[in-house]
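Readers should treat all values here as calculations from the given coordinates under stated rules, not as data from a laboratory. Source: prediction; values computed, not measured. Cβ: placed from backbone, ideal geometry, glycine included. Neighbour counts: every protein chain shown.
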Amino acid sequence: MNNIIQVSGLSKSFGKLKALKDISFSAGRGSIIGLMGANGCGKSTLLRNMIGLYLPDAGTSQVFGEQSCELSPQTLSRIGYVHQEGRLLNWMSIRQLLRYVRSHYQNWDENLEEKFIEWFDLEPKAVVGKLSPGKRQQTAILAAICHNPELLILDEPASALDPLARSRFLDLLLELLQNDGEKTIIISSHILSDIEKVIDRAVIMDKGRILKDCDFDKLKENIFKAVVENGAGADLTNLLLSGKIAHHRSDGTKTSLVLQDISRAEAEKILSEEKIDAEIIPLPLEEIYKVIAGKAEYVL
Ligand SMILES: Nc1ncnc2c1ncn2[C@@H]1O[C@H](COP(=O)(O)OP(=O)(O)OP(=O)(O)O)[C@@H](O)[C@H]1O
């Protein structure tokens, strides 16, 4: 597969703070990648390195085969970027801003612009500097996607959006990918219930490192919950699945086990061989994230 992003051994410090520690990451075409992790773990720093806004202390980052710190205008025009702060030209109206941004690109999609303005209920004459944080974020998204980028980097793009706008935004991401299976979208977010609807790959960071980088379906298949009636072999279950139990809790009638590093099929086989009735329950991404972050005791 031809990677459009290739990051190798990337490290970045700010003074004494090591924000990124020896990160390696690659991405091919046709994928929506969710980048997750606690506040300050380095997500934005990684994304900024990818597009050359930060220079690494060690390691390399390439996008479309060019060094991130030397991206040509042609390559930059293939990238869309929405950043957390949403810095925009405040004195312009939304329409003026879009015209200005559009003047830098050849592939501006007017239909998408109109559709988005309508979907987000944006007032084209509104002055950017006077927009609410949510409307501002919507405008930033619009300015980043209408030139039809092949690589879309979204750093917390939906934090200020209301539920309806978030839903429309996620629909749009799926539409972008479906219309053109060649696009790559990286989205960093703390709203895991949103991004789990669209991502096909999950990258979880912790303290400047990548903890997990995995196909999302595979991740869901390998971290889940099993509930066993007490008296129906709960003790035996603990024994049989020990080493795979991230956390267990018993409430007198039932024992809930959070399992990891075992497939549902394997767990079901082991339990059925011992004739133990267990209900296998898939976990939402938010709960899966807690298990990977070593906080399985907080899984409901
Ligand atoms: N320009 C900078 N100067 C100094 N420190 C910085 C700078 N940018 C990031 N940092 C620090 O690097 C660390 C990683 O920050 P980063 O913004 O990448 O985290 P994040 O995972 O995106 O966090 P959040 O989820 O809160 O947005 C933090 O400790 C942050 O304070």
Estimated dipole of the range 1-121 in Debye, rounded to 20 [Cβ of Lys and Arg +1, of Asp and Glu -1, Cα centre]: 420 debye
Counting DSSP beta bridges with both partners in the range 5-207, what percentage is antiparallel, nearest 5? 45 percent
Nearest 10 degrees, 0 to 90: what angle lies between the long axis of helix 163-179 and the longest principal axis of the chain (Cα atoms)? 80 degrees
Give the calculated FRET efficiency between N2 and Q106 to the nearest 0.05, with a Förster radius of 25 Å applied to their Cβ-Cβ distance. 0.65
So how strong a dipole does the chain carry about its Cα centre when Lys and Arg Cβ are +1 and Asp and Glu Cβ are -1, to the nearest 20 debye? 1120 debye
Within the range 1-70, trypsin sites (Lys or Arg not before Pro) in DSSP loop having at most 14 other beta-carbon neighbours inside 10 Å: K16
Hey, rough spin-label estimate for D261 and N179, points 7 angstrom out along Cα→Cβ, what's it come to in nanometres? 4.4 nm
About the Cα centre, charge dipole magnitude for the range 219-298 (Lys/Arg +1, Asp/Glu -1 at Cβ), debye: 200 debye
How would you classify the range 154-251 from its alpha-carbon gyration tensor, with a ≥ b ≥ c the square roots of the eigenvalues: rounded for a/c under 1.5, else prolate if a/b is greater than b/c, otherwise oblate? prolate
Extended-chain gain in nm, criterion 0.36 nm per residue less alpha-carbon gap, Y298 and K130: 56.4 nm
Modelled label-to-label distance, L211 and Q96, 7 Å Cα→beta-carbon offset: nm? 4.6 nm
Under the 7 Å Cα-to-Cβ spin-label approximation, K16 and E114 lie apart by a distance in nanometres of 5.9 nm
Could you work out the relative contact order of the chain? I mean the mean sequence separation of Cα pairs under 8 Å and 6+ apart, divided by the number of residues, in percent. 19 percent
Report P(r) for the range 219-298: all Cα-Cα distances, bin width 10 Å, range 0 to the bin holding the largest distance, values in whole percent. 20, 57, 22, 1
So if we plug the beta-carbon distance of I191 and E268 into 1/(1 + (r/R0)^6) with R0 = 30 Å, what FRET efficiency do we get, rounded to 0.05? 0.40
Radius of gyration and Dmax over the Cα atoms of the chain, both given in Å: 22.1, 70
Where does each of 102-111, 253-262, 276-285, 140-149 land if you order them by average Cβ count within 10 Å, highest first? 140-149, 253-262, 276-285, 102-111
I'd like the distance separating the alpha-carbon centroids of the range 69-97 and the range 147-208, in whole Å. 17 Å
Using only Cα atoms and rounding to the nearest 10 degrees, what angle (0 to 90) does helix 264-273 make with the longest principal axis of the chain? 10 degrees
With a Förster radius of 35 Å, plug the Cβ-Cβ distance of D200 and T253 into 1/(1 + (r/R0)^6) and report the FRET value to the nearest 0.05. 0.35
Gyration tensor (alpha-carbon) shape descriptor, the range 1-159, a/c threshold 1.5: prolate
